[in-house]
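J.: A single structure is presented below for examination.
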Amino acid sequence: GIHQQLWVLNGAMDITTHTQTWHLSSGDCLAMELGERITFHNPTAKPARYVLALTTQPDQARRKL
């Protein structure tokens, strides 16, 4: 599966999956697995900056190399 890590650099973000919402502020991180609907929302009028990194688990063939 594909995993993602969100790191808020400045500002604030609300992240919602299904019925759960996380409020993230500057310096906060959240790890999630892709595959479900994810909503990103800036709840303030101030700009938010964040990094979103995607990764996959290496398959067995790649591990042998």
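Coordinate-derived values only; no laboratory data. Fair warning: this is a prediction, and the values are worked out from it, not measured in the lab. Note that we place each Cβ from the backbone using ideal geometry, even for glycine, and neighbour counts take in every protein chain shown.
J.: How far, in nm, would the chain grow between T56 and N10 when pulled straight, counting 0.36 nm per residue and subtracting the alpha carbon separation?
T.: Numbers: separation 46, 0.36 × 46 = 16.56 nm, distance 2.64 nm.
Result for the pair: 13.9 nm of gain on full extension.
J.: If each residue of separation counts as 0.36 nm, what is the full-extension length gain between S26 and R49 once their alpha-carbon separation is subtracted?
T.: Values: separation 23, 0.36 × 23 = 8.28 nm, distance 0.87 nm.
So the chain would gain 7.4 nm between S26 and R49.
J.: Could you give me the ³J(HN,Hα) list for the range 46-52, computed from phi with Karplus coefficients 6.51, -1.76, 1.60 and θ = phi - 60°, whole Hz, x at Gly and Pro?
T.: 7, x, 10, 10, 8, 10, 10
J.: Suppose every K and R has +1 on its Cβ and every D and E has -1 on its Cβ; what is the size of the dipole of the chain about the Cα centre, in Debye to the nearest 20? All intermediate terms of the calculation are to be shown ahead of the outcome.
T.: On the way: 6 positive and 5 negative charges, 53 e Å.
It works out to roughly 260 debye.
J.: Regarding the range 1-43, what's the average projected area of the Cα-atom convex hull, expressed in nm²? Could the numbers behind the result be given before it?
T.: Details: hull surface 11.3 nm².
With every direction weighted equally, the projected area is 2.8 nm².
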